[in-house]
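For reference, the structure is listed below as structure tokens.
The values are calculated or read from the model by the stated rules, or taken from the named source; none is laboratory data. Everything numeric here is computed off the predicted structure, so don't read it as measured data. Ideal geometry is used to build each Cβ from the backbone, glycine not excepted, and the neighbour counts take in all protein chains shown. To get the accessible areas, we keep the full protein, side chains included, count just its heavy atoms, and leave off ligands, DNA and RNA. Shrake-Rupley method; radii C 1.70, N 1.55, O 1.52, S 1.80 Å.
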Amino acid sequence: MLHLDIPTPAELRELVAVRADLCASIYLPTTPLTQDARGDRIALKNAASEVAAAALAERADKRRVAALEELLLDLVDDDEFWRFQAHSLAVLATPDRVRTWRLPNRLTRIVERSDRFHLKPMFRAMTFPYEAFVLALSANGARLLEVPRDLPAVEVKVDGMPRDAQAATRRKSIDRRSHSGRMHGDEGKKVFLEIYARRVDAAIRAFMGGREVPLVLAATAPLDSIYRSVASTPQLVAETIRTSPETASDQELAEAARGVLDRVYAEEVRAFHELFVQRAGQHRATTDIATAARAATVGAVDRLMVDIDEVVPGTVDEDTGAVTFAEPSGSTYGVVDEIAGRVLLTGGRVLGVRREDIPERASLAATLRYPLG
């Protein structure tokens with residue numbers, strides 16, 4: 001099982017606001033296999049040395065550099081920490097504090113140093129759902145599966161989950177006439193399935209509370225539509241796996257769920273492109289970095305799509321959003337990353353993708369709430 005700490009939107013907004021004399025942002029591909037983690041430790045040690053050497057070369061305070069490097073090396077030496085990893089590791093550190101996130105997607109190596117954190121690679125984990133839960137639902141049973149990206153599915157215990165429809169309705173058979181005698185046959189069965197579905201939904205909603213993970217339903221008619229008619233879990237995706245959970249194995253359901261996630265992501269990208277074309281005709285879309293920076297600074301960006309791998313060094317004026325492109329140094333930072341941060345802080349949505357998914361294959365694409373004057 002992958003061990004993940006995907007940042008929440010609130011955490012990202014907090015990180016966007018961080019300013020310090022020395023901020024190190026390190027992203028490394030890692031392995032979830034504990035026995036193979038030695039190479040990942042060496043990679044982090046090398047990144048720490050790289051950050052320290054660059055800071056000293058620019059005459060940073062030696063004591064502050066030493067404090068930062070010590071925090072990073074303490075992490076390298078933490079055996080317990082390296083026991084539980086995923087496909088990438090994000091390390092954000094100042095001389096006073098180090099924070100880590102284990103991410104499900106495999107990121108390219110990035111080592112950045114500035115007065116703020118480089119956060120763009122984080123957006124990929126929040127944009128694309130690499131894991132899911134599958135609710136395998138039939139009248140004869142309900143189970144919840146955790147589906148990691150490329151590891152076997154695992155059934156998880158859900159407090160309050162009814163064993164089956166009969167247990168949920170406390171009846172020997174859901175095909176029997178109701179107590180009032182008003183309903184029997186298909187009509188009565190539907191009512192009892194609705195009761196069952198509500199019990200399942202209550203348990204699932206309590207379990208999913210606070211989790212930013214999609215929920216995929218695996219069910220057949222009529223329980224599919226019945227469950228959706230009472231479901232209150234916001235993470236439930238629109239597409240159903242229309243395979244009987246009674247005949248499909250956990251791994252078959254997991255593979256089907258991964259296909260659903262691929263289509264969910266593809267649909268979000270398609271919808272953004274469609275919106276971009278529409279807004280472009282209204283002078284409310286751009287792929288120009290300078291224009292997007294100005295728009296983000298005044299809170300005009302509604303949605304932003306960014307390339308998570310590219311770093312465009314420079315600065316963005318705090319008040320006007322004017323962009324100055326420059327060579328990488330301790331006084332510059334990722335311009336597109338800064339734009340993304342400002343979009344987050346003004347209530348916009350940021351999608352972290354690969355360049356081939358961005359309109360015009362640009363570094364970014366933005367849709368605006370209103371045309372810029």
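Within the stretch 134-159, residues that are in contact (Cβ under 8 Å) with a residue 24 or more places away in the chain and of a type in the set (Lys, Arg) reach partners that are open to solvent by less than 10 Å² (accessible area, probe 1.4 Å) and outside any loop (DSSP other than H, G, I, E, B) with beta carbons closer than 7 Å, at six or more positions or on different chains, in the pairs ARG143/ALA136. Does the stretch 110-129 contain any residue that is acidic (Asp, Glu) and out of contact with any Asp or Glu (no Cβ under 9 Å at 6 or more places or on another chain)? Within the stretch 110-129, none of the residues are acidic (Asp, Glu) and out of contact with any Asp or Glu (no Cβ under 9 Å at 6 or more places or on another chain).
Give the residues of the stretch 289-299 that are within 13 Å of ALA365 (Cα to Cα) and either crowded, with 22+ Cβ neighbours inside 10 Å or more than 26 Å from the chain's Cα centre (by Cα) (or both), sorted by residue number. Reasoning before the result, please.
Step one: list which residues in the stretch 289-299 are within 13 Å of ALA365 (Cα to Cα), which gives 289-293, 295-296.
If the condition is that a residue be within 13 Å of ALA365 (Cα to Cα) and either crowded, with 22+ Cβ neighbours inside 10 Å or more than 26 Å from the chain's Cα centre (by Cα) (or both), then ALA290, THR291, ALA292, ALA293, ALA295, ALA296 are the ones that fit.
When the stretch 286-313 is limited to residues that are farther than 17 Å from THR346 by Cα and touching a Pro at 6+ places or on another chain (Cβ under 9 Å), the one that is modelled with the highest pLDDT turns out to be THR287. For the stretch 123-171, the set of residues classified as of a type in the set (A, V, I, L, M), open to solvent by 20 Å² or more (accessible area, probe 1.4 Å) and part of a loop (DSSP other than H, G, I, E, B) consists of ALA139, LEU151, MET161, listed by residue number. If you check ARG102, ARG38 for being under 16 Å from ASP5 (Cα atoms), modelled with pLDDT under 95, among the charged types (D, E, K, R) and surrounded by fewer than 21 Cβ atoms within 10 Å (Cβ to Cβ), only one passes: ARG102. Of all residues in the stretch 265-288, those that are within 16 Å of ARG369 (Cα to Cα) and among the aliphatic types (A, V, I, L, M) have Cβ atoms under 7 Å from Cβ atoms of residues that are at pLDDT 95 or above and open to solvent by less than 60 Å² (accessible area, probe 1.4 Å), 6 or more apart or on another chain, in LEU275/THR367; ALA285/PHE276; ALA285/ARG279; ALA285/ALA366; ALA285/THR367; ALA285/LEU368.
Which of the residues belonging to the stretch 50-72 are surrounded by fewer than 20 Cβ atoms within 10 Å (Cβ to Cβ) and either under 27 Å from ARG124 (Cα atoms) or under 27 Å from the mean Cα position of the chain (by Cα) (or both)? Correct list: GLU50, LEU71.
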